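First up is the structure itself, then whatever we jot down about it.
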């Protein structure tokens, strides 16, 4: 029952800080989360996001930091019925060409 | 909320498994430390994680551990570690 983020004390290599500069796409994910979680809307809380990120299990480390956030936000909005899987799929299909260019 | 423990009290972290979002890492479970301070009372994050209001509030403590009590092979001498643990994960220790 040990969650994927509970890695304190497990064997690991050295930490190599890469001086990563946040990309525009990452900032947009950040902004989206802030808007969904702020006290005015409070569609979800950070604790719920953590539950969803930890639900990634073995996939946790395969995801990038903001990819985990995006997955958590998506699952939370689906869980709460803010939008349906069908609505999400339709929107993604419609926006896909632009999204791929945007993330680069 | 009235804190069950005060600074200086020896406490043992409960060694139990619990599903969901839990903020008590495995490396301190079953270990004994000393309360360094009472941080305050907060909504229970284990409930907030499911969209619940987090009631009743839980008292949060900063607990001081000797590193040699946490890791069998620790060679850093008198180093210590402080971590914040909620009251429902702590028991009195002798």
Matching residues in region A:50-81 - criterion: being under 12 Å from the mean Cα position of the chain (by Cα), within 16 Å of residue A:6 (Cβ to Cβ) and in a helix (DSSP H, G or I): A:50, A:51, A:52, A:53, A:54, A:60, A:68
Any hit, region B:36-46, residues being facing chain A (nearest Cβ under 9 Å) and outside any loop (DSSP other than H, G, I, E, B): yes
Every residue from region A:22-50 that is touching a residue at least 24 places away in the same chain (Cβ under 8 Å), within 14 Å of chain B (Cβ to nearest Cβ) and in contact with a helix residue (DSSP H, G or I) (Cβ under 7 Å, 6 or more places away or on another chain): A:36, A:43, A:44, A:48, A:49
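Test residue B:58 against the stated conditions and say whether it is in contact (Cβ under 8 Å) with a residue 24 or more places away in the chain and closer than 14 Å to residue B:87 by Cα.
The answer is yes for residue B:58.
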Failed criterion for residue A:13 (all others in (1) within 30 Å of residue B:18 (Cα to Cα); (2) more than 14 Å from chain B (Cβ to nearest Cβ); (3) in a helix (DSSP H, G or I) hold): (3)
From B:4, B:10, B:23, B:16, residue being in contact (Cβ under 8 Å) with a residue 60 or more places away in the chain, within 11 Å of another protein chain (Cβ to nearest Cβ) and either in contact with a strand residue (DSSP E or B) (Cβ under 8 Å, 6 or more places away or on another chain) or surrounded by fewer than 17 Cβ atoms within 10 Å (Cβ to Cβ) (or both): B:23
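Which of the residues belonging to region B:66-84 are in contact with a helix residue (DSSP H, G or I) (Cβ under 7 Å, 6 or more places away or on another chain) and either closer than 27 Å to residue B:44 by Cα or surrounded by 15 or more Cβ atoms within 10 Å (Cβ to Cβ) (or both)? If you could, list the steps in order and put the result at the bottom.
Start the filter on region B:66-84 by keeping residues that are in contact with a helix residue (DSSP H, G or I) (Cβ under 7 Å, 6 or more places away or on another chain), which leaves B:70, B:74, B:76, B:79-81, B:83.
If the condition is that a residue be in contact with a helix residue (DSSP H, G or I) (Cβ under 7 Å, 6 or more places away or on another chain) and either closer than 27 Å to residue B:44 by Cα or surrounded by 15 or more Cβ atoms within 10 Å (Cβ to Cβ) (or both), then B:70, B:80, B:81, B:83 are the ones that fit.
Considering each of B:61, B:57, B:50 in turn, give the residue that is closer than 29 Å to residue A:44 by Cβ and crowded, with 18+ Cβ neighbours inside 10 Å.
Details: B:57 fails: crowded, with 18+ Cβ neighbours inside 10 Å; B:50 fails: crowded, with 18+ Cβ neighbours inside 10 Å.
So the residue among B:61, B:57, B:50 that is closer than 29 Å to residue A:44 by Cβ and crowded, with 18+ Cβ neighbours inside 10 Å is B:61.
Here, each number is a calculation from the coordinates, and none is a lab measurement. Since the model is a prediction, treat every value here as computed from it, not as a measurement. Glycine gets a Cβ as well: all are built from the backbone with ideal geometry, and neighbour counts include every protein chain shown.
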